[in-house]
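S.K.: Got a structure for you, questions after.
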Amino acid sequence: MTKIRLAELSRAFGPVWAVRGVSLEVREGEFFSLLGPSGCGKTTTLRMVAGLERPTAGHIYFGDDDVTHTPPQHRNVGLVFQSYAVFPTMSVADNVAYGLRIRRVPGAEIRRRVAQMLEIVGLGALGARMPGQLSGGQLQRVALARALAIQPRVLLLDEPLSNLDAKLRVEVRAEIRRLQRELEITTLYVTHDQEEALSMSDRIGVMHAGRLDQVGVPDEIYRRPATRFVARFVGEGTLLDGVLVRDGARARVAVGGFEVPVGEVSAPRAGAVWVCIRPEGVRLLDRTAAGGIGGIVEYVEFVGPSLRADVRVPGLPRLLRLAGSSVDLAGRVRTGDAVRLAVDPAGVAVGPAEAPEAEPVAAGGGARA
Ligand SMILES: Nc1ncnc2c1ncn2[C@@H]1O[C@H](COP(=O)(O)OP(=O)(O)OP(=O)(O)O)[C@@H](O)[C@H]1O
Ligand SMILES: [Mg+2]
């Protein structure tokens, strides 16, 4: 097993800094995701790790080896991209054998490893098929088997599920995770899909405009976002700007005339903050309950097992989102209903207001979420 370490890795394209001083370590056998919006520098980072892109500054280590200047074919990485990148005129088995042939592995060993890899990705019976005869999910498994056949030191995946439909995405993502655990291969996974990152990763690095905003386990990223950007990009909820007020041990954030209770806040002591109220932090009270916050349901969304509702609260600049089991909430929230809500501090994240950062030189596709 090999750990990957990036030290102050940067990449400029002309005047545009696609990646700016990214330092992180992917531990041995770890599944690490780089998560961020379109244009934030995920693919550029991954391509530098693969050796397909030259860093402008910084270093890349595999274990103790500095591979910053090692050509891609000598890095021994397994790569899977968004587009299937399976050779259309080669059979499934030949596709998986490709990297082994290039490395002049003996024929008998190639046959053995191809059969083993196809078995592992659940395509044992399909070796003779041509790619045109496979579904998208099967094609992506071929790409995965091909990447793994060379027994790479590290596995690099760039949005490998984005061409699959919703159901297959969930299936293949479980498959990738099972394989990764089984082979204990250090994996760097790139995605803009927070659900994918939260559900698959040991740890996540959230990227924003070329920089790494936060690194942490999924629960940390979701519950204790380090920046306003991470709070907004990961998970849903109502993001507000306000002022932190302390009253002995109790803290609350004043937003206009409204006060949001917050739990244990390490920093800041007081002053300008952002606050993010997650839907699970908003509880629906009985209509007759005293206290709570009154509001009018503006929008209800039914998503099978759960239900989401956006509630307009007088004095709050944004709608408050509420979510719960569709059984619990059935008939209790309908568009136009007057409701009473309570905010649970455990479902609220807060952090110091950030000085507005100078936008990086605008580049195509660099939209922020
Ligand atoms: N070859 C290139 N030449 C010039 N600019 C580039 C090049 N490759 C990437 N960029 C720019 O670098 C920035 C980061 O691009 P990158 O492809 O790494 O983003 P990404 O996070 O992978 O986005 P997406 O989610 O859309 O794939 C973007 O502003 C992009 O336009
Ligand atoms: Mg990309």
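Since every read-out is calculated from the coordinates, none of them should be taken as a lab result. None of these values were measured; they are calculated from a predicted model. Virtual Cβ from ideal backbone geometry, glycine too; neighbours counted across all protein chains shown.
S.K.: Which residue, 293, 117, 83, has the largest displacement toward the positive end of the dipole of the chain when charges sit on each Cβ (Lys, Arg +1; Asp, Glu -1)?
M.R.: Result: 117, furthest along the dipole toward the positive end.
S.K.: Return the Cα extents of segment 236-352 along principal axes one, two and three, sorted largest first, each rounded to a whole Å.
M.R.: Answer, in whole Å and largest first: 42, 26, 23 Å.
S.K.: Quick one: pull the percentage of alpha-carbon pairs in segment 218-304 with a separation above 19 Å.
M.R.: Cα-Cα pairs in segment 218-304 separated by more than 19 Å: 48 percent.
S.K.: Of the residues 15, 72, 55, which exhibits the maximal mean-square fluctuation in a Gaussian network model of the chain defined by a 10 Å Cα contact cut-off?
M.R.: Answer for the Gaussian network model of the chain: 15.
S.K.: Using the Cα centre of segment 188-262 as origin and beta-carbon charges of +1 (Lys, Arg) and -1 (Asp, Glu), tell me which of 200, 261, 217 is placed farthest towards the positive end of the dipole.
M.R.: Value: 261.
S.K.: Give the peptides 102-113, 130-141 in descending order of average Cβ contacts within 10 Å, highest first.
M.R.: Descending packing order for the listed peptides: 130-141, 102-113.
S.K.: If you project the alpha carbons of the chain onto the principal axes, what extent comes out on each, in Å, largest first?
M.R.: Principal extents (largest minus smallest coordinate, Cα): 77, 46, 36 Å.
S.K.: How big is the dipole moment of segment 100-208 about its Cα centre under a simple scheme where the beta carbon of each Lys and Arg is +1, that of each Asp and Glu is -1, and everything else is neutral? Debye, nearest 20, please.
M.R.: Roughly 640 debye, rounded to the nearest 20.
S.K.: Moving on. Under 10 Å, Cα contacts only: if you run a Gaussian network model on the chain, which one of 45, 187, 70 comes out with the highest mean-square fluctuation?
M.R.: Ranking 45, 187, 70 by mean-square fluctuation puts 70 first.
S.K.: In a Gaussian network model over the chain where Cα atoms closer than 10 Å are linked, find which of 44, 56, 68 has the largest mean-square fluctuation.
M.R.: In this elastic network of the chain, the residue with the biggest mean-square fluctuation among 44, 56, 68 is 56.
S.K.: Could I ask something else about it? Normalized C-alpha radius of gyration of segment 4-223, against 2.2 N^0.38 Å?
M.R.: Here the Cα radius of gyration is 1.00 times the empirical estimate.
S.K.: If we sort 17-27, 273-283 on the protection proxy, mean other Cβ atoms within 10 Å, highest first, what's the order?
M.R.: 273-283, 17-27
S.K.: Which order, highest average first, do 87-95, 324-332 follow once you tally other Cβ atoms within 10 Å for each residue and take the mean per peptide?
M.R.: Put in order of decreasing packing, that is 87-95, 324-332.
S.K.: Okay, next question. If you take the charge dipole of the chain about its Cα centre, with +1 on Lys and Arg Cβ and -1 on Asp and Glu Cβ, which of 102, 21, 31 is farthest toward its positive end?
M.R.: Farthest towards the positive end: 102.
S.K.: Roughly how big is the chain's charge dipole about its Cα centre, with Cβ charges of +1 (Lys, Arg) and -1 (Asp, Glu), in debye to the nearest 20?
M.R.: In total the dipole reaches around 480 debye.
S.K.: Now a separate question. How large is the charge dipole for segment 236-352, taken about the Cα centre, if only the Cβ atoms of Lys, Arg (+1) and Asp, Glu (-1) carry charge, to the nearest 20 debye?
M.R.: 160
S.K.: P(r) for segment 57-112, please, calculated from all Cα pair distances in 5 Å bins and given in %.
M.R.: 4, 14, 20, 18, 17, 14, 9, 3, 1
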